[in-house]
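S.K.: Starting off with a structure, shown below.
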Amino acid sequence: MAIIAIDKEKIARIKPPVIKTGVIGWLKENLFNGVINSLLTIIIFLFMVKFVPPFIKWAFVDSVWFSTSQVCKECEGACWSAITKNFRFMIFGIYPYELHWRPFVSMLSLFTLLYFTYYRKYWSKTLLYAWLAGLVAMAVLMKGGIFGLTPVPTEMWGGLPLTLLLSIFGLTAAYPLGVILALGRDSKLPGIRYMCVTYIELIRGVPLISLLFMASIIFPLFLPEGVTINKILRAQAAIIFFTAAYIAEVVRGGLQGMNKGQYEAADALGLNYYQTMRLIILPQALKIVIPPTVSVLVSAFKDTSLVVIISLYDLLFAAKTVIQKPQWNGFSTEVYIFVAILYFLGCFSMSNFSRKLEEELDTDKRS
Amino acid sequence: MTQSNNPASDVSNNDVIITIKDLNKWFGDFHVLKDINLEVRKQEKIVICGPSGSGKSTLIRCINRLEEHQMGQIIVDGVELSNNLKNIEKIRTEVGMVFQHFNLFPHLTILENLTLGPVWVRKTPKKEAEETAMFYLEKVKIAEQAKKYPGQLSGGQQQRVAIARSLCMKPKVMLFDEPTSALDPEMVKEVLDVMIQLSDEGMTMIVVSHEMGFAKTVAQRVMLMDDGMILEENNPVDFFENPQHERTQFFLSQILH
Ligand SMILES: Nc1ncnc2c1ncn2[C@@H]1O[C@H](COP(=O)(O)OP(=O)(O)O)[C@@H](O)[C@H]1O
Ligand SMILES: [Mg+2]
């Protein structure tokens, strides 16, 4: 064998082939690369031509925004007045009108906290304490009865604050509970294991609606006379227990995906069970299951609307009430679009947050 | 490779640090370790080789209780391994282990990988643990990578980090389970060099490995395991050049082609 001759000049001369871009090139590359894709492109295009302009005309051109219901009835387009005129009722429900500033301030502080939580650089003990203080402050503001605030019975809480309250308390409590259940399900102690399995399977075997019914109707029958537990609290508990079971199964999937070597390395260093889980296993397992966890949380967020059936006046209920008023009858499309947008914003932020978190926690990335 | 002193003189005293007596272990019905007897003296280096599935990993994993044995005795530094959790914890802090697949913690930086054990198990103050960690990272020649994550390092570098991680616990004994067999060929030497250096510093080592050069350089005794038994034991020169047992001869002919 001899040394193979290398044409260094040629190697230096050649360049990677240039891909022709430009509008036509882009269209070909992305929309018409193949029969099926071209067909789909055409179908979607026709669909958009047929439906988008009329929708825009209805929603923005012919629409009325701040009129009376009378004007609405005569107009062709969307009647967004149904929302603007009932805005405060839809957002705050039957909470006393002149006290709306209290749930408003509560939500403002909630959003502030959520904003800081969104960015990992703000995560600290201070933020945790801010959350605790914030939640207490929100409860006090909503309920009143001290500091000269007029008491407002929880039966009158409603609308968006109620939805957010049930969701945020529900999700933050369900998550750790779910993690504990998942660990319990894999426990070496049979007693704990069977308890967790039974719990998870029982809860997953019934729909949330029946849990809510049980919490609102059956559960009080078992309480000793004179003892009552607030209805929102009961619904909240049902949501927490329900969501936790699903979180537990998702987390268990993450635990099973863990490499055995990680446990062994932790054991070999002398870490105990608690340390191994907290420092080694859970940080990795929980990270793997961020996407399915967020699915569970997103559906739990939407499922809070089921509390309507036990007569809690959440966002969706407030919206329905508006439509039932005689003068706004017939504008359900507008109202439901508005509610859908609010729910979408909530779900979309959650998905967005999870994607960002996933990227930030990705340590495999080569820098 | 660095040339070590005459292996025999490495053993400056005859204190026994590990005693394994009539050790038997089963996986279900499968008798994986059969009547193993072994004494390891302080600062001794033992290399164990043998065909795949012969029980080498299981044997050394019994020494720090990653596997539980059913019969016989294992005594490490005067402490007997039993179901007593205190004893297991004590032995694990004194016995370091290096795995074939490194098993670094991928979500922690190199430095955090090294300080985790000292901080949480030995309760060393964080600052001190970091200083120790940097000391050992220098030793395995990888200090400049301290802030990186394991996924950003090559296999050889990861294995050196894994060795440093064990050393940070200041173990009295180090176990190595085929530390170089998952590595690309060009990275084997950098890991073996670190192990030879460790050996020169007087560490007690039990190494499962088929690296003959390494065995000749550091080991006082080389053993052949087959079918759950230790079939032959000798000094490295005689073991490789003049094997007695037919299984040893067969095995050596296999790894030498
Ligand atoms: N956890 C286990 N359960 C059942 N069998 C096992 C387990 N671990 C190892 N074995 C079996 O025990 C034998 C010895 O394994 P091992 O000690 O890993 O061998 P070696 O390290 O020499 O290749 C093999 O046949 C293997 O399949
Ligand atoms: Mg093995």
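The values are calculated or read from the model by the stated rules, or taken from the named source; none is laboratory data. Model, not experiment: these values are computed from the prediction. We place every Cβ from the backbone using ideal geometry, glycine too, and count neighbours over all the protein chains shown. In case anyone asks, the SASA skips ligands and DNA or RNA and just uses the protein heavy atoms, side chains included. Shrake-Rupley method; radii C 1.70, N 1.55, O 1.52, S 1.80 Å.
S.K.: To the nearest 500 deg cm²/dmol, what mean residue ellipticity at 222 nm is calculated for chain B from DSSP H runs of n ≥ 4 alone, each contributing -39,500 (n - 2.57), summed and divided by the residues?
M.R.: Values: 10 runs with 100 residues, N = 257.
The helix contribution divided over chain B gives -11500 deg cm²/dmol.
S.K.: In the range A:118-244, carbon and sulfur make up what percent of the accessible area (probe 1.4 Å)? Please list the in-between numbers first.
M.R.: Values: 5400 of 7190 Å².
Whole-percent figure for carbon plus sulfur exposure: 75.
S.K.: Give the Cα extents of the range B:76-163 along the principal axes, in whole Å, largest first.
M.R.: Ordered largest first, the range B:76-163 gives principal extents of 40, 30, 23 Å.
S.K.: Still on this structure, please answer the following. If you look at just the Cα atoms of chain B, how large are its Rg and its Dmax in Å?
M.R.: 18.0, 55
S.K.: Right, here's the next one. Using the Cα gyration tensor of the range A:13-123, with a ≥ b ≥ c the square roots of its eigenvalues, what is the shape: rounded (a/c below 1.5), prolate (a/b larger than b/c) or oblate (neither)? Mind dumping the intermediate values first?
M.R.: Numbers: a/c = 4.43, a/b = 1.55, b/c = 2.86.
Oblate, because a/c is 1.5 or more while a/b does not exceed b/c.
S.K.: In addition: Could you work out how far the C-alpha centroid of the range A:301-327 sits from that of the range B:66-134, in angstrom?
M.R.: Going from one Cα centre to the other spans 57 Å.
S.K.: In addition: Among all the aspartates and glutamates, which ones have a C-alpha under 19 Å from B:Lys127's C-alpha, if same-chain residues fewer than 8 places away are not counted?
M.R.: Cα-Cα hits under 19 Å: B:Glu112, B:Glu138, B:Glu144.
S.K.: Further, regarding this structure: Would you mind calculating the gained length between A:Lys260 and A:Asp362 on full extension (0.36 nm times residue separation, minus the Cα-Cα distance), in nm to one decimal?
M.R.: Numbers: separation 102, 0.36 × 102 = 36.72 nm, distance 2.03 nm.
34.7 nm is the gain from fully extending A:Lys260 to A:Asp362.
S.K.: Mind putting a number on the dipole of the range B:117-176 about its Cα centre? Charges go on the C-beta only, +1 for Lys and Arg and -1 for Asp and Glu, and I need it in Debye to the nearest 20. Don't jump to the answer; show the numbers that get you there.
M.R.: Numbers: 12 positive and 5 negative charges, 35 e Å.
Magnitude of the dipole: close to 160 debye.
S.K.: If you don't mind, another one. If you take the square roots of the eigenvalues of the alpha-carbon gyration tensor of the range A:232-279 and sort them as a ≥ b ≥ c, do you get rounded (a/c under 1.5), prolate (a/b over b/c) or oblate?
M.R.: Details: a/c = 7.25, a/b = 2.49, b/c = 2.92.
Oblate, since a/c reaches 1.5 and b/c is not below a/b.
S.K.: Using +1 at the C-beta of Lys and Arg and -1 at the C-beta of Asp and Glu, which of A:Tyr175, A:Tyr97, A:Ile309 has the Cα lying farthest in the positive direction of the dipole of chain A?
M.R.: A:Tyr175
S.K.: Under a point-charge model restricted to the Cβ atoms of Lys and Arg (+1) and Asp and Glu (-1), what is the dipole moment magnitude of the protein assembly as shown relative to its Cα centre, in debye to the nearest 20? Kindly include the intermediate steps, with their values, before the conclusion.
M.R.: Working: 61 positive and 57 negative charges, 499 e Å.
It comes to approximately 2400 debye.
S.K.: Additional query: Give the residue from A:Trp58, A:Gly134, A:Ile341 lying farthest towards the positive end of the charge dipole for the protein assembly as shown; charges sit on Cβ (+1 for Lys and Arg, -1 for Asp and Glu) and the dipole is referred to the Cα centre.
M.R.: A:Trp58
S.K.: Within the set of other residues whose C-beta is less than 9 Å from the C-beta of B:Gln244, count the net charge using Lys and Arg as +1 and Asp and Glu as -1. Please list the in-between numbers first.
M.R.: Values: positive: none; negative: B:Glu232, B:Asp238, B:Glu246.
Net of charged neighbours comes to -3.
S.K.: Which of B:Lys123/B:Lys148; A:Lys85/A:Lys231; A:Lys260/A:Lys356; B:Lys141/B:Lys172; A:Lys260/B:Lys139; A:Lys121/B:Lys148 have a Cα-Cα distance over 26 Å?
M.R.: Numbers: B:Lys123/B:Lys148 24 Å; A:Lys85/A:Lys231 30 Å; A:Lys260/A:Lys356 28 Å; B:Lys141/B:Lys172 22 Å; A:Lys260/B:Lys139 29 Å; A:Lys121/B:Lys148 19 Å.
In this structure, A:Lys85/A:Lys231; A:Lys260/A:Lys356; A:Lys260/B:Lys139 exceed 26 Å between Cα atoms.
S.K.: Let me ask something additional. Once every DSSP H run of n ≥ 4 in chain A is given -39500 (n - 2.57) and the sum is divided by its residues, what mean residue ellipticity at 222 nm do you get, rounded to the nearest 500 deg cm²/dmol? Let's see the in-between values first.
M.R.: Values: 18 runs with 237 residues, N = 367.
One gets -20500 deg cm²/dmol as the mean residue ellipticity at 222 nm.
S.K.: Ignoring ligands, DNA and RNA, how much accessible area is buried between chains B and A, both sides summed, with a 1.4 Å probe, to the nearest 100 Å²? Each step should come with its number before you reach the end.
M.R.: On the way: alone 12100 and 23020 Å², together 33030 Å².
Using a 1.4 Å probe on protein heavy atoms, the buried area is about 2100 Å².
S.K.: If you take each beta carbon of peptide B:84-96 and count the beta carbons of other chains within 10 angstrom, what is the mean? Mind dumping the intermediate values first?
M.R.: Values: counts 0, 1, 0, 0, 2, 3, 1, 1, 6, 3, 1, 2, 3.
Mean shielding by partner chains, rounded to a whole number: 2.
S.K.: Same structure again: Quick check: the distance between the Cα centres of the range A:123-172 and the range B:170-244, to the nearest angstrom?
M.R.: 64 Å
S.K.: Give me the net charge of B:Lys21's neighbourhood, meaning all other residues with Cβ under 12 Å from the Cβ of B:Lys21; Lys, Arg count +1, Asp, Glu -1.
M.R.: Details: positive: none; negative: B:Asp22, B:Asp35, B:Glu39, B:Glu80.
Neighbour charge sum, excluding B:Lys21 itself: -4.
S.K.: Then there is this: Hey, can you list the residues from the range A:250-280 whose accessible area shrinks by 30 Å² or more with all protein chains present, relative to the chain by itself (probe 1.4 Å, no ligands or nucleic acids)?
M.R.: A:Gln262, A:Glu264, A:Ala265, A:Asp267, A:Ala268, A:Leu269, A:Gly270, A:Leu271, A:Gln275, A:Leu279, A:Ile280
S.K.: Under the rule of at least 5 residues apart or a separate chain, name every residue whose amide H is placed under 5 Å from the amide H of B:Arg41.
M.R.: The list, which skips near neighbours in sequence, is B:Ile17.
S.K.: Mind listing, in residue-number order, the residues in the range B:98-139 that have at least 40 Å² less accessible area with every protein chain present than in their own chain alone (1.4 Å probe)?
M.R.: The answer is B:Asn103, B:Phe105, B:Pro106, B:His107, B:Leu116, B:Trp120, B:Val121.
S.K.: Would you tell me the mean number of C-beta atoms belonging to other protein chains that fall within 10 Å of each C-beta in B:57-67, as a whole number?
M.R.: Working: counts 0, 0, 0, 0, 3, 0, 0, 5, 2, 5, 0.
The shielding value for this peptide is 1.
S.K.: Another question, then. So, in nm, how far is label B:Glu144 from label A:Tyr273 when the simple model puts each one 7 Å beyond its Cα toward the Cβ?
M.R.: 4.5 nm
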